[in-house]
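Comments concern the structure below.
The values are calculated or read from the model by the stated rules, or taken from the named source; none is laboratory data. Small disclaimer: the values here were computed from a predicted structure and weren't measured. Quick reminder, even Gly has a Cβ in these numbers, built from the backbone with ideal geometry, and neighbours come from all protein chains shown. Ligands, DNA and RNA are excluded from the accessible area calculation, which covers all protein heavy atoms including side chains. Shrake-Rupley method; radii C 1.70, N 1.55, O 1.52, S 1.80 Å.
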Amino acid sequence: MIITSPTNPTVRHAQALLTQHRTRKKSGQTVIEGVHLLDAYVKQGLTVNKLLVSQSAASHHEVLPLLSHAEHKDMIVIADTLYKQIRTLGDGIDMMAIVDIPDLDLVNIQADCLILDGLQDTGNIGTLLRTASAVGIQSVITTPHTAHLWSPKVLRAGMGAHFSLSIYEHITTDEILQKVQTPFYATSSHTDTVIYDHDLTQPIAWVLGHEGQGVSDDFLKHATPIALPQPGGQESLNVSIAGSVCFYEMLRQRRYPR
């Protein structure tokens with residue numbers, strides 16, 4: 001059966017999840033859009049709740065392998081015109097999935113981790129998640145004023161990195177300071193000690209702050225400040241670039257020690 005009505009409960013729920021943080025928070029669910037992101041999701045052995053596919057995409061060769069990851073009762077085919085009304089991606093292979101958001105309690109962490117302290121830009125967050133995952137960081141923690149990491153926009157920017165990470169969202173600074181057992185390092189414009197003068201071979205908790213205000217004082221009081229050299233004279237680097245530089249200097253020191 002082809003769904004043509006926008007009042008269909010699954011269609012309405014998917015549209016609300018795509019556009020409303022309140023709905024995502026209340027239901028504990030979000031939406032993954034596009035076959036490539038969905039493929040990354042199922043390759044991690046994760047389970048979808050509902051699959052929604054447009055009528056024209058239902059027989060596409062990239063869609064067919066993904067249909068096996070949902071029970072028949074959990075898949076609906078939507079008329080193309082209706083699908084276009086609810087999607088947030090542009091033209092492509094029209095497929096999305098409703099999935100449950102992992103609900104993790106912060107545990108004691110003694111390995112590398114990334115702490116996002118008030119970041120708001122979805123592109124910056126996605127880049128940091130991708131780079132953290134690439135260098136082997138497995139845990140990401142956010143403070144209460146950070147953007148929601150499981151929003152569809154951040155999921156797209158992360159390009160599948162979410163699914164290989166343990167993500168702990170909206171954790172208070174006090175709890176982070178209590179549970180994270182590794183030394184804190186924070187990028188800062190108020191130090192002259194550049195990153196290359198630090199030994200980064202031991203586990204580190206990287207703290208990256210709001211795009212305009214930087215890392216909060218609560219973290220800076222407990223962190224080692226790190227400066228990134230800028231001989232060209234710029235005032236500061238984009239936070240996702242700064243974080244990526246830090247992660248790869250850490251990786252360089254561990255794999256290619258001086």
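Couple of notes before you dig in:
- The residues on offer are LEU129, LEU114, and the sole one that is in contact with a strand residue (DSSP E or B) (Cβ under 6 Å, 6 or more places away or on another chain) and either within 20 Å of LYS43 (Cα to Cα) or modelled with pLDDT of 95 or more (or both) is LEU114.
- Within segment 73-93, the set of residues being modelled with pLDDT under 95 and part of a loop (DSSP other than H, G, I, E, B) comprises ARG87, THR88, LEU89, GLY90, ASP91, GLY92, ILE93.
- Looking across segment 83-100 at every residue that is within 15 Å of ILE3 (Cα to Cα) and in contact with a Ser or Thr (Cβ under 7 Å, 6 or more places away or on another chain), the one that is surrounded by the fewest Cβ atoms within 10 Å (Cβ to Cβ) is identified as TYR83.
- Test for THR172: is it without any contact (Cβ under 8 Å) to a residue 60 or more places away in the chain and outside the structural domain of ALA40 (by the TED database): yes
- When we screen LEU129, LEU106 for residues that are open to solvent by less than 40 Å² (accessible area, probe 1.4 Å) and not in a loop (DSSP other than H, G, I, E, B), the only hit is LEU129.
- Within segment 47-69, tally of residues that are in a loop (DSSP other than H, G, I, E, B) and open to solvent by 20 Å² or more (accessible area, probe 1.4 Å): 9
- The test for being out of contact with any Lys or Arg (no Cβ under 9 Å at 6 or more places or on another chain) and either surrounded by 15 or more Cβ atoms within 10 Å (Cβ to Cβ) or at pLDDT 90 or above (or both) holds for VAL35.
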